[in-house]
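What follows draws every value from the coordinates through simple rules; no lab data is involved. Predicted model, so just to flag it, every value in this text is computed and none were measured. Here Cβ is always computed from backbone atoms with ideal geometry, including for glycine, and neighbour counts include all displayed protein chains.
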Amino acid sequence: MIVPLGHVFLLAGIVFAMGLVCLVAHRNLIMTLIGVEVMMNAAAIAFVAAALRWRLMEGQAFVLFILAVSAAEISLGLALVVSLYRRTGSIDPDRYDILKW
Amino acid sequence: MTLFAVIFYVLGVVILTATGLAVTRRQPVHAVLYLIVAFLGTAALFFLLGAPLLAAFVVIIYAGAILVLVLFVIMLLQRSPRELSLLSEWGPALLLGIIFLTVAVATVFKDPGSKIVLQGAAAQPRDFGRFLFDRYWLAVEIVSILFLVALVAILHLGKKREADGDEDEVNPVRNPSGAKEGHS
């Protein structure tokens, strides 16, 4: 009635790959966190599609927990970024060389 | 092709375009604004796939709370031009993404179950909430503890100077030698 399951998984996979590229390529910690968010969003899409495929509400419950974990992760990650910015004056991971000698 | 299928493909194009634009922006503010569009499209997709409560949660939590928080933090920080410069890591990153995508697509479409056409259904918010607190109440409580842990950690990280006091005791030991080297 709607679409084949594979197409939804394909959409989720492409979004996940975009998040992966964003996570690896950027030189900015905030863009890295955004990449993680995009990947969690893709996982949520796949979970909702699987919940509809097997008619189990467990999939949707998992999406709720993904949302909660993602909210905790992004808030803690941003607090870390702000703390690092206060300490080093930069949000570029290449600049963090305090331990280098 | 039914109306639902048309809506799904339109939403898919919107999500992919917005996400693709978001991950290629160099200005984080632009990326976050595109990401809001992507998350609103995701919320509509959840509604289409029969999860109206989750659609509301995505709008409220993702588009409403998380991305606004990211925007505030972006405003707090000062940009340096180097973070916006052209990146040399795009090649390896794209290669990784393409390899991952190829493997994932091959795995998904090798399974004959991927051709099963989804039947429309919706989990009513009342049923979903009852199911959640009936069977997964312990996980809900654990998530609340997770939030408490995150809150404590953020408060500890955000504390201003007391936390760095012990570091200031370390610095005077290192600074004189550095100053001597600087003068000599």
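How do A:SER75, B:SER144, A:SER83 line up, fewest other C-beta atoms within 10 Å first? Intermediate values should be presented prior to the final figure.
Numbers: A:SER75 20, B:SER144 11, A:SER83 16.
Sorted ascending by nearby Cβ count, the order is B:SER144, A:SER83, A:SER75.
Please name whichever of B:TRP137, B:VAL152, B:PRO125 sits farthest to the positive end of the charge dipole of region B:124-163, dipole taken about the Cα centre and charges placed at Cβ: Lys and Arg +1, Asp and Glu -1.
After comparing all options, I get B:VAL152.
How would A:ARG95, B:ARG126 line up from fewest to most surrounding beta-carbon atoms within 10 angstrom?
B:ARG126, A:ARG95
Over chain A, calculate the relative contact order: mean separation of alpha carbon pairs under 8 Å at least 6 apart, over the residue count, as a percent.
Values: 87 pairs, mean separation 26.7, N = 101.
26 percent.
Through the Karplus equation 6.51 cos²θ - 1.76 cosθ + 1.60, θ set to phi - 60°, convert the phi angles of region A:68-79 into ³J(HN,Hα) values in whole Hz; use x for Gly and Pro.
With coefficients 6.51, -1.76 and 1.60, one gets 5, 5, 5, 5, 5, 5, 5, 5, 5, x, 5, 4 Hz.
Given the C-alpha atoms of the protein assembly as shown, compute the convex hull and give its volume per residue in Å³. Walk me through the numbers before you get to the answer.
Numbers: hull volume 43.0 nm³, N = 285.
It is 151 Å³ per residue.
Could you line up B:THR2, A:THR32, B:THR24, B:THR19 from fewest to most neighbouring Cβ atoms inside 10 Å?
On the way: B:THR2 12, A:THR32 19, B:THR24 16, B:THR19 29.
Ranking B:THR2, A:THR32, B:THR24, B:THR19 by Cβ neighbours within 10 Å, fewest first, gives B:THR2, B:THR24, A:THR32, B:THR19.
Of A:ILE30, B:VAL105, A:PRO93, which is farthest on the positive side of the dipole of the protein assembly as shown, counting Cα position, with +1 on Lys and Arg Cβ, -1 on Asp and Glu Cβ, and the Cα centre as origin?
B:VAL105
If all Cα-Cα distances of chain A are sorted into 10 Å bins from 0 onward, what percent lands in each bin, rounded to whole numbers?
15, 35, 27, 15, 7, 1, 0
Using a 7 Å offset from the Cα along the Cα-to-Cβ direction at both B:THR102 and B:LEU69, what is the distance between the two label points in nm, to one decimal?
It works out to 3.8 nm between the two label points.
Once you place label points 7 Å from the Cα toward the Cβ at B:PHE4 and A:TYR85, how far apart are they in nm?
Going from the B:PHE4 label point to the A:TYR85 one covers 4.4 nm.
Please list the non-local residues whose amide H lies under 5 Å from the amide H of B:LEU118, H modeled 1.01 Å from N, same-chain partners needing a gap of 5 or more.
The list, which skips near neighbours in sequence, is A:ILE2, A:VAL3, A:LEU5.
Just to confirm my numbers, what's the Cα centroid distance between region A:15-63 and region B:101-141 in Å?
Region A:15-63 and region B:101-141 have Cα centres spaced 14 Å from each other.
Quick check: convex hull of the Cα atoms in region B:124-163, volume per residue, rounded to a whole Å³? Write down the numbers at each step before the final one.
On the way: hull volume 2.3 nm³, N = 40.
So the per-residue Cα hull volume is 57 Å³.
Quick one: 3J(HN,Hα) in Hz for region B:92-98, Karplus 6.51/-1.76/1.60 with θ = phi - 60°, rounded, Gly and Pro as x.
Along region B:92-98, the couplings run x, 5, 5, 4, 4, x, 5 Hz.
About its Cα centre, how strong a charge dipole does the protein assembly as shown have in debye, to the nearest 20, once Lys and Arg get +1 and Asp and Glu get -1 at the Cβ? Don't jump to the answer; show the numbers that get you there.
Numbers: 21 positive and 19 negative charges, 108 e Å.
Computed charge dipole of the protein assembly as shown: roughly 520 debye.
Step through the residues of region B:142-152 one at a time and calculate ³J(HN,Hα) from phi using the Karplus curve (6.51 cos²θ - 1.76 cosθ + 1.60, θ = phi - 60°), rounding each to whole Hz and writing x for Gly and Pro.
5, 5, 5, 5, 4, 5, 4, 4, 4, 5, 4
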